[in-house]
1. What ranking do Ile9, Ile88 get, fewest neighbouring Cβ atoms within 10 angstrom at the top?
2. Expressed as a rounded percentage, what relative contact order does the chain have, with Cα pairs under 8 Å and six or more residues apart?
3. Per DSSP helix of 4 or more residues, -39500 (n - 2.57); summed, then divided by the residues of the chain. What does that give at 222 nm, rounded to the nearest 500?
4. Determine, from the Cβ-Cβ distance of Tyr137 and His79 and an R0 of 30 Å, the FRET efficiency 1/(1 + (r/R0)^6), rounded to the nearest 0.05.
5. Glu68 versus Arg6, label points 7 Å from Cα toward the beta carbon: distance in nm?
6. Kindly express, to the nearest 10 degrees and within the range 0 to 90, the angle between helix 57-66's C-alpha long axis and the longest C-alpha principal axis of the chain.
7. Determine the relative contact order of region 6-94: mean sequence separation of Cα pairs under 8 Å and six or more apart, normalised by residue count, in whole percent.
8. What does the net charge come to around Asn78 if you take all other residues with beta carbon closer than 11 Å to its beta carbon, with K and R at +1 and D and E at -1?
Amino acid sequence: MNTISRTTILQLLIYQPATGEFRWRKSRGKAKRLSVAGFLKPDGYKFIKISGKDYPAHRLAYFLMNNEWPETVDHINNHPSDNRAINIRAATQSQNNCNRRLQRNNTSGAKGVRWNKQRRKWLGYVWLNKKMKHIGYFSTREEACSAVYTVRLEMHGEFANHGGKA
């Protein structure tokens, strides 16, 4: 994946850390000099084609800023096309998973909280490294949300994402 050199990238592209945009240094094919480089894939990530290969723009940006290819590049604000320097950071896959948004199929409106029919209580839980930590059962959704919030901060640190509706 990471077979492109820093020198090659810098010969072809200009990265603007404040905006996250890449621009072509020289005209290439249909692309004009200083035009915005790359294209958006359906999942929202930007890619740049170099020598017939598609490179994720966020990985190129991180590499140019830090001179290393991390395991994963995390978008802090969860917007995959936002490749500003202040919005991307190195992460493990587990850390990247901690920073996920509330899933669309969530029925409680809170990350890590669901209704347990048998006990007629709210269940709180937090995931880390593919393991679920059971927080407890709570009489109210708010109590469950509060407990999960506290544990998530403790377990996920700077990668804690509460899903927006906790």
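None of the figures in this text is laboratory data; all of them are computed from the coordinates on show. Since we're looking at a predicted model, the values are computed, not measured. Positions of Cβ are generated from backbone atoms using ideal geometry, with glycine treated the same way; all protein chains shown enter the neighbour counts.
1. Placing the least packed residue first, the sequence is Ile9, Ile88.
2. Here the relative contact order equals 15 percent.
3. Only helices count here, giving -7000 deg cm²/dmol.
4. It comes out at approximately 0.30.
5. 1.2
6. The angle comes out at about 80 degrees.
7. This gives 24 percent for region 6-94.
8. Net charge in that neighbourhood comes out at 0.
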